[in-house]
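Novice: Take this structure first; my questions come after.
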Amino acid sequence: MKVNCISKSISFTSGKVSLYSDFDGTYFPVQHSEMHSLKPENAVELKNYFNNFGNFLNESGDSFTFRITTGRTFGEFETITDLIRSKGIEMPFPDTFISKNGSDEFIRIGERFSDSFPYDYATPNPSKTEKIQFLTGWHAGIKDKIRELLAKYNFNIIEHDSEYSPADYGNRSLMYHVPYDNFELQNKNMPPQSEWKVGLRKDGTLKLHISFPYDMLNVPEREAAYSEIKTAFEEYLTKSGVRFTTKEYRDKKGGNRPVLEYTPAIEEAPLNKLFDTKLAVEEAALNNDLVIVAGDGINDFEMLNPLNYIDKSDLDDALKVELSKVSPENIKNIAKNPVIIEKLKRLPFIGIVINSDKNELKNLLQYFPDNLIFIDKGNLQDGIKKAVEKYSSISSEFAKSLKKNIEENTNNSVSKYIVIKPEENKIIKSSGGKVVGISAAVATGLGAIIFALKRENKKD
């Protein structure tokens, strides 16, 4: 494990920067499995990493909003944070966290550094729930309907947080309650039968994950019950005017159980992380703000793809069709389109791609260098700094807003917040006070950006 611990703060007071960060491999730079036998030296690195990040958040104040958007459920996220605290490590909690790839958003109700989990599963952010219901018809009562259908077939319903091993998640794991590992067919003439239990994973109010017994599709009677439940539930959704997507598969993590997943359909696609970040970018465009998105895996692809944020309303039909089918094969041609290039320049969006062994996101970098940056794991704080610097050099309106808010939020001169070495000052002067000429110097902080803007304003 290598975690970069930045000793210098990233000081800005714009009040207009929001970070949406993946959890595993992005904000949390250590594998979950490593935490059980964490080496002392790695524990020290992790403590320093989180301490520095906490200092950065405290110094930023209300100017910086920090959100985690993760593929984990509420219970999985809680379990990992409990494990982190058990190692004597204080991890700063985000202002909000969004569960299960775009499902419920939970607003922090406790301190950023808390001895207990500062979110309440029973009270997700009603604003997001209402938006999804308005767009798709999806509502909280949908889970009650599936419970009603399952009850007709006398299922024992287990509401759980994870499909993963109980070794990591204890009684939050479905497999803790339904251990099928030792099942053996005793009589070849006897059809395999398991306990009559079904799992409802806690994917929040906005997603539904149903795990059936592993032999549900092996026995005719059980297969018929499965089909009847699926048909009746989808008829209910359709008649209720709910726009939804369905996914069927076998979950190897959960004992090879047949799974049905239902998700609100946003523009014909399943609700995912992009929903929240796209709304944030649209709002930022109106207010000269900036949205930073960070991730390392394939479930972050949609929210890191800059093409998903451009306004498509004035594009010709052929280009709209091409954008609706973005793939590694055609993304290169789309990125070269002059109309797309111009739209990308105006996006208040910078993506941080974390170096990963899978490298599933690296192709995005070569096509969108102005909207994406690439950093190693454990360097999120440095990535935020680079993202703000990059966008300040691209958007004069954002940079002026940054300067204005620093002046409005202090009784002292802007220069109080600027620490520039003599050699950096020479570079600034020789470039006429332009940010573009001091790319190496601004790596020490955002003060040089403000300094350059101040010089430009004096010329006007």
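The values are calculated or read from the model by the stated rules, or taken from the named source; none is laboratory data. Keep in mind that what you see is a predicted model, and the values were worked out from it rather than measured. Cβ sites come from the backbone with ideal geometry, for glycine too, and all protein chains shown count toward neighbours.
Novice: Modelled with pLDDT under 95, of a type in the set (D, E, K, R), under 30 Å from Thr277 (Cβ atoms) and not assigned by TED's automatic domain parsing to the domain that holds Thr79, is that true of Glu159?
Specialist: Values: modelled with pLDDT under 95: no; of a type in the set (D, E, K, R): yes; under 30 Å from Thr277 (Cβ atoms): yes; not assigned by TED's automatic domain parsing to the domain that holds Thr79: yes.
In short, no.
Here is a yes/no grid of residues against (1) crowded, with 18+ Cβ neighbours inside 10 Å; (2) outside the structural domain of Ala280 (by TED's automatic domain parsing); (3) of a type in the set (S, T, N, Q); (4) under 23 Å from Phe66 (Cα atoms):
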position	(1), (2), (3), (4)
Ala318	no, yes, no, no
Leu323	yes, yes, no, no
Asn330	no, yes, yes, no
Asn333	no, yes, yes, no
Gly351	yes, no, no, yes
Ser356	yes, no, yes, yes
Pro369	no, no, no, no
Lys386	yes, no, no, yes
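Novice: If you take the residues of region 90-104 that are under 15 Å from Gly75 (Cβ atoms) and among the small types (Gly, Ala, Ser), which of them is surrounded by the fewest Cβ atoms within 10 Å (Cβ to Cβ)?
Specialist: The extreme case among them is Ser99.
Novice: Also: Any residue that is buried (at least 21 other Cβ atoms within 10 Å of the Cβ) and touching an Asp or Glu at 6+ places or on another chain (Cβ under 9 Å) - is there at least one of those in region 130-143?
Specialist: No: region 130-143 contains no residue that is buried (at least 21 other Cβ atoms within 10 Å of the Cβ) and touching an Asp or Glu at 6+ places or on another chain (Cβ under 9 Å).
Novice: Of all residues in region 90-126, how many are more than 21 Å from Leu57 (Cβ to Cβ), in a loop (DSSP other than H, G, I, E, B), more than 13 Å from the chain's Cα centre (by Cα) and of a type outside the set (A, V, I, L, M)?
Specialist: The qualifying residues number 4.
Novice: Let me ask something additional. Could you grab the pairs with beta carbons closer than 7 Å, sequence gap of 6+ or different chains, first residue in region 212-226 and closer than 14 Å to Lys152 by Cα, second one of a type in the set (A, V, I, L, M, F, W, C) and not in a helix (DSSP H, G or I)?
Specialist: Close Cβ pairs satisfying both conditions: Arg222/Met216; Tyr226/Phe212; Tyr226/Met216; Tyr226/Leu217.
Novice: Out of the residues in region 63-81 meeting the condition of being of a type in the set (D, E, K, R) and touching a Ser or Thr at 6+ places or on another chain (Cβ under 9 Å), tell me which one is farthest from Asn272 (Cα to Cα).
Specialist: At the first step, the residues of region 63-81 found to be of a type in the set (D, E, K, R) are 67, 72, 76, 78.
With the extra rule that they be touching a Ser or Thr at 6+ places or on another chain (Cβ under 9 Å), the set shrinks to 67, 72, 76.
On the way: Arg67: 15, Arg72: 12, Glu76: 18 Å.
Checking each candidate, the answer is Glu76.
Novice: Go through region 247-274 residue by residue and tally those that are in contact with a strand residue (DSSP E or B) (Cβ under 8 Å, 6 or more places away or on another chain) and either β-branched (Val, Ile, Thr) or assigned to a strand (DSSP E or B) (or both).
Specialist: Result for region 247-274: 16.
Novice: Take the residues in region 230-274 that are within 30 Å of Pro179 (Cβ to Cβ) and under 21 Å from the mean Cα position of the chain (by Cα); name whichever of them is surrounded by the fewest Cβ atoms within 10 Å (Cβ to Cβ).
Specialist: Glu261
Novice: Continuing with this model, one more query. Testing Ala294 on (1) surrounded by fewer than 18 Cβ atoms within 10 Å (Cβ to Cβ); (2) under 21 Å from Gly102 (Cα atoms), one condition comes back false. Which one is that?
Specialist: Only one criterion is unmet by Ala294, namely (1).
Novice: Would you mention how many residues in region 110-142 are among the aliphatic types (A, V, I, L, M) and without any contact (Cβ under 8 Å) to a residue 12 or more places away in the chain?
Specialist: Residues of region 110-142 among the aliphatic types (A, V, I, L, M): 122, 132, 135, 140, 142.
Now restrict to residues that are without any contact (Cβ under 8 Å) to a residue 12 or more places away in the chain: 122.
Adding up the residues that qualify gives 1.
Novice: Being assigned to a strand (DSSP E or B) and either within 17 Å of the chain's Cα centre (by Cα) or touching a residue at least 12 places away in the same chain (Cβ under 8 Å) (or both) is true for just one of Ile384, Ile334, Ile352. Which residue is that? Can you show your working first?
Specialist: Values: Ile384 fails: assigned to a strand (DSSP E or B); Ile334 fails: assigned to a strand (DSSP E or B).
From the options Ile384, Ile334, Ile352, the qualifying one is Ile352.
Novice: Which ones in region 82-107 are out of contact with any Lys or Arg (no Cβ under 9 Å at 6 or more places or on another chain), under 19 Å from Lys273 (Cβ atoms) and of a type outside the set (A, V, I, L, M)?
Specialist: Phe106 - this is the single residue of region 82-107 that is out of contact with any Lys or Arg (no Cβ under 9 Å at 6 or more places or on another chain), under 19 Å from Lys273 (Cβ atoms) and of a type outside the set (A, V, I, L, M).
Novice: Still on this structure, I have one more. Identify, please: which residue in region 288-300 is touching a helix residue (DSSP H, G or I) at 6+ places or on another chain (Cβ under 8 Å) and not in a loop (DSSP other than H, G, I, E, B) and is, among those, farthest from Glu105 (Cα to Cα)? Steps first, answer last, please.
Specialist: In the first step, residues of region 288-300 are kept if they are touching a helix residue (DSSP H, G or I) at 6+ places or on another chain (Cβ under 8 Å); the result is 288-295.
Those left that are additionally not in a loop (DSSP other than H, G, I, E, B): 290-295.
Values: Leu290: 20, Val291: 17, Ile292: 18, Val293: 16, Ala294: 17, Gly295: 18 Å.
Ranking the qualifying residues of region 288-300, first place goes to Leu290.
Novice: Can you pull out the residues in region 337-349 that are touching a residue at least 12 places away in the same chain (Cβ under 8 Å), part of a helix (DSSP H, G or I) and surrounded by 12 or more Cβ atoms within 10 Å (Cβ to Cβ)? Break it down into steps so the answer makes sense when it comes.
Specialist: We begin by selecting, within region 337-349, every residue touching a residue at least 12 places away in the same chain (Cβ under 8 Å); these are 337, 339-340, 343-349.
Add one more test, that the residue is part of a helix (DSSP H, G or I), and what stays is 339-340, 343-345.
Matches in region 337-349: Val339, Ile340, Lys343, Leu344.
Novice: Please find, among Ile142, Ile132, Ile210, the residue that is at pLDDT 95 or above, in contact with a Pro (Cβ under 7 Å, 6 or more places away or on another chain) and among the aliphatic types (A, V, I, L, M).
Specialist: Numbers: Ile142 fails: in contact with a Pro (Cβ under 7 Å, 6 or more places away or on another chain); Ile210 fails: in contact with a Pro (Cβ under 7 Å, 6 or more places away or on another chain).
Testing whether each residue is at pLDDT 95 or above, in contact with a Pro (Cβ under 7 Å, 6 or more places away or on another chain) and among the aliphatic types (A, V, I, L, M) leaves just Ile132.
Novice: Confirm whether Thr277 is outside any helix (DSSP H, G or I), among the polar types (S, T, N, Q) and touching a strand residue (DSSP E or B) at 6+ places or on another chain (Cβ under 8 Å).
Specialist: Working: outside any helix (DSSP H, G or I): no; among the polar types (S, T, N, Q): yes; touching a strand residue (DSSP E or B) at 6+ places or on another chain (Cβ under 8 Å): yes.
Judged against the criteria, Thr277 is not a match.
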